[in-house]
1. Give the residue, chosen from Lys187, Lys160, that is assigned by TED's automatic domain parsing to the domain that holds Leu294, at pLDDT 90 or above, charged (D, E, K, R) and surrounded by fewer than 20 Cβ atoms within 10 Å (Cβ to Cβ).
2. For region 58-82, how many residues meet the condition of being surrounded by 19 or more Cβ atoms within 10 Å (Cβ to Cβ) and farther than 18 Å from Asp48 by Cα?
3. Could you tell me which of the residues Leu135, Leu94, Leu79 is within 15 Å of the chain's Cα centre (by Cα) and either free of Cβ contacts under 8 Å to residues at least 40 places away in the same chain or not in a helix (DSSP H, G or I) (or both)?
4. Given the criteria assigned to a helix (DSSP H, G or I), under 19 Å from the mean Cα position of the chain (by Cα) and outside the structural domain of Leu164 (by TED's automatic domain parsing), does Leu122 qualify?
5. Being within 29 Å of the chain's Cα centre (by Cα) and not in a loop (DSSP other than H, G, I, E, B) is the filter here, so list the residues in region 286-314 that pass it.
6. Inside region 146-223, counting only strands (runs of 3 or more DSSP E) that do not spill past its ends, which hold 2 or more residues that are out of contact with any strand residue (DSSP E or B) (no Cβ under 6 Å at 6 or more places or on another chain)?
7. Name the pairs whose Cβ atoms lie under 8 Å apart, with the first residue in region 290-313 and farther than 19 Å from Glu185 by Cα, the second of a type in the set (S, T, N, Q) and surrounded by 12 or more Cβ atoms within 10 Å (Cβ to Cβ), and 6 or more positions between them or separate chains?
Amino acid sequence: MRYEVALIWEDQSKVHESYTRTKIDEIDVIECYVSTNGITGNKSILLDFRNSLRITDIRPQRFRGVEIQILPFSDKFELAIILMDSSLESIFVLLAEDLLKEVAKVSNQEEAFVSAFHTIGLWKKMFENFTHRGLTSEQQRGLFGELFFMKKSILNGVGKNDILLSWTGPDAANQDYFLRKIKVEVKTSIANHPLLQISNEMQLTSDSLSKLFIYFITLTEQRGEALTLNSLIDDLRNSFSTDYRLTDIFNAKLISSGFQDEYAEQYALREYIVRDTTVYEVTNGFPRITSADLLNGVHHVVYKIEPAACTNFTVTSDIFFEEFAKS
């Protein structure tokens with residue numbers, strides 16, 4: 001379920017008190033509160049644990065824009081997750097919802113404490129990656145390509161839960177999608193003579209347990225009723241809107257990808273027309289460099305592939321998506 005912490009904080013902002021806290025009654029294993037410091041304006045999530053809980057080596061922590069405090073009381077201690085940078089509120093809301101959701105799953109306070117710190121650790125990376133500059137033009141195209149592939153997959157019968165959870169691009173994985181036994185690397189290009197740019201020797205390294213495909217999108221940047229990154233995100237958000245869990249996962253992955261809604265206006269000016277899409281299956285003989293081809297000490301090899309050299313490895317979109325949906 002969703003705990004609507006954003007609405008709680010909005011209601012608390014209208015209360016002129018030095019400190020306001022609202023208990024989340026739906027969670028039984030521990031007492032959880034959404035709170036606002038009326039003096040500083042800091043928003044926080046508070047988790048109360050009994051003093052008899054045997055937890056060692058707990059110390060205050062801080063990462064970008066967030067402070068974790070352990071507050072001792074006579075009969076309990078309180079884990080306080082405090083937003084210190086109000087410009088990060090949009091991502092903090094997602095952290096808060098995810099934290100409460102994970103804590104609600106466990107059956108005792110020990111598990112709740114471990115779950116809380118595990119969840120906070122996962123979100124720490126997202127906060128560290130948060131930027132106040134927005135995506136570069138190249139990053140916009142890369143994200144557009146990954147999301148275009150996601151939308152195409154849904155239209156071709158891939159389950160929404162499957163395609164969203166298989167999206168590993170935001171996690172800086174070697175491939176952008178990994179659905180059971182199929183890995184997909186999405187590539188985009190706006191060049192008149194497009195090439196496949198490969199980021200490292202692991203990107204096209206395949207194994208005997210899975211198949212590896214490249215989904216190559218060639219684009220033209222053009223003004224006037226063309227697709228934008230924003231419109232694609234809006235379409236996918238609408239597609240996931242009937243399931244709050246998928247919506248939260250999608251928004252969290254967008255943040256991990258560097259997309260922030262406050263910069264959406266600058267992305268609206270960059271419009272794309274999809275000229276062509278081509279699918280290649282990476283098998284023996286495909287023109288590539290893998291880790292096995294390199295001498296000791298050589299790493300992070302960046303190179304380009306001429307699409308004309310990949311013609312014999314082309315797979316039709318219909319056949320690919322049929323296999324991808326059934327994988």
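1. Going through Lys187, Lys160 in turn, the sole match is Lys160.
2. Number satisfying all stated conditions: 1.
3. Leu135
4. Spelling it out, Leu122 is indeed assigned to a helix (DSSP H, G or I), under 19 Å from the mean Cα position of the chain (by Cα) and outside the structural domain of Leu164 (by TED's automatic domain parsing).
5. The answer is Ser291, Tyr303, Lys304, Ile305.
6. Details: elements: 177-179, 182-189, 196-198, 211-221.
The qualifying strands (runs of 3 or more DSSP E) are 177-179.
7. Ala292/Thr205; His299/Asn200
Residue by residue, here is whether (1) in contact (Cβ under 8 Å) with a residue 40 or more places away in the chain; (2) outside any loop (DSSP other than H, G, I, E, B); (3) under 28 Å from Arg133 (Cα atoms) holds:
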residue: Glu17; (1), (2), (3): no, no, no
residue: Ile27; (1), (2), (3): yes, no, no
residue: Ser35; (1), (2), (3): no, yes, no
residue: Ile39; (1), (2), (3): no, no, no
residue: Ser44; (1), (2), (3): no, yes, yes
residue: Asp48; (1), (2), (3): no, yes, no
residue: Val106; (1), (2), (3): yes, no, no
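The values are calculated or read from the model by the stated rules, or taken from the named source; none is laboratory data. All values reported here derive from a predicted model rather than from experimental measurement. Positions of Cβ are generated from backbone atoms using ideal geometry, with glycine treated the same way; all protein chains shown enter the neighbour counts.
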